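Asks: Shown below is the structure under consideration.
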Amino acid sequence: MKARDVKVDIVDENGAKGEAASDESVEAADAEEEAKEKPRVVDRRRVREDGEVSEESAGEAEETPRVPAYVEQLQAKVAAAEEKFREYVEKIDKDTADFRARQEREMERRSQEVKKQAVSGFLGIADDLARATAAVDGGASGGEAGKTLETLVQGVRMIQGRFFQELSNLGVEPLSAMGVAFNPEEHEAVRMVEVSEEAQDGLVVEELAPGYKLGDAVLRPARVSVGKYAGRKPDARP
């Protein structure tokens, strides 16, 4: 806006004439300065033919602060690291599940193999028992009871020997019981028997059922009778 220069003659006290800017010139100058200081607003929105402002243009009009380039790089690195870590965890979980499944299959295979070896050793004993019972049936029908009984006893003894041999092949051994000191880890005391000799006090004097162990593990303790010296005082301990 261009101000109009209007000169006004002013006469001072001494009668000298001077020129002064009018109020209109001053107001025009102030308006021009105010226009310079006022921020300029540019509306970048696109107006459609129907007169409405599109959402896209309205979003562009709202200027969002941009993130610095190094921050964007750091964010991209963090996102890539998180994705890589997630893939690594998934791989570890899958490998662990596969390893656990292989271990279970291997344990099942070994268990079946042990059962197979243990059972196969006793199949022959079952055959011997079948032959013994068949011989008893044949002898009874033929009227040779005495001879059949003797044959049966011999057959049972052979089967018993073979049975203990199979147990020994598997590492099973009988526990010593008769004449040894009572051991609660290997013996199960069923009853107390009075003995006349003090040396037999606290010893196993009778074995009612044998015990067995596999290596250092006790499979079954022996059921025994423990001697108790008759002359021992009631408050004395075995």
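The values are calculated or read from the model by the stated rules, or taken from the named source; none is laboratory data. The model shown is predicted, which means the values in this text are computed figures rather than measured ones. Note that each Cβ is placed from the backbone with ideal geometry, even for glycine, and that neighbours are counted across all protein chains shown.
Asks: Exactly one condition in (1) among the hydrophobic types (A, V, I, L, M, F, W, C); (2) part of a helix (DSSP H, G or I); (3) modelled with pLDDT of 90 or more is not met by residue 163; state its number.
Replies: Failing condition for residue 163: (3).
Asks: For residue 227, all conditions in the list (1) modelled with pLDDT of 90 or more; (2) within 30 Å of residue 123 (Cα to Cα); (3) of a type in the set (Gly, Ala, Ser) hold save one; what is the number of the exception?
Replies: (2)
Asks: Just checking, how many residues over the stretch 184-219 are more than 21 Å from residue 231 (Cα to Cα) and of a type in the set (Val, Ile, Thr)? First the steps, then the outcome.
Replies: Kept after step one, since they are more than 21 Å from residue 231 (Cα to Cα), are these residues of the stretch 184-219: 184-188, 190, 207-219.
Still in the running and of a type in the set (Val, Ile, Thr): 190, 218.
Of the residues in the stretch 184-219, 2 are more than 21 Å from residue 231 (Cα to Cα) and of a type in the set (Val, Ile, Thr).
Here is a yes/no grid of residues against (1) under 20 Å from residue 161 (Cβ atoms); (2) over 19 Å from the mean Cα position of the chain (by Cα):
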| residue | (1), (2) |
| --- | --- |
| 90 | no, no |
| 93 | no, no |
| 97 | no, no |
| 103 | no, no |
| 112 | no, yes |
| 121 | yes, yes |
| 124 | yes, yes |
| 127 | yes, yes |
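Asks: Taking the condition of being within 14 Å of residue 215 (Cβ to Cβ) and either loosely packed, with under 14 Cβ neighbours inside 10 Å or out of contact with any Asp or Glu (no Cβ under 7 Å at 6 or more places or on another chain) (or both), how many residues in the stretch 170-184 meet it?
Replies: Let us first name the residues in the stretch 170-184 that are within 14 Å of residue 215 (Cβ to Cβ), namely 170-175.
With either loosely packed, with under 14 Cβ neighbours inside 10 Å or out of contact with any Asp or Glu (no Cβ under 7 Å at 6 or more places or on another chain) (or both) added as a condition, the list becomes 170-174.
Going through the stretch 170-184 one residue at a time, the tally reaches 5.
Asks: What number of residues within the stretch 149-198 satisfy the criterion of being closer than 24 Å to residue 122 by Cα and in contact (Cβ under 8 Å) with a residue 24 or more places away in the chain?
Replies: 15
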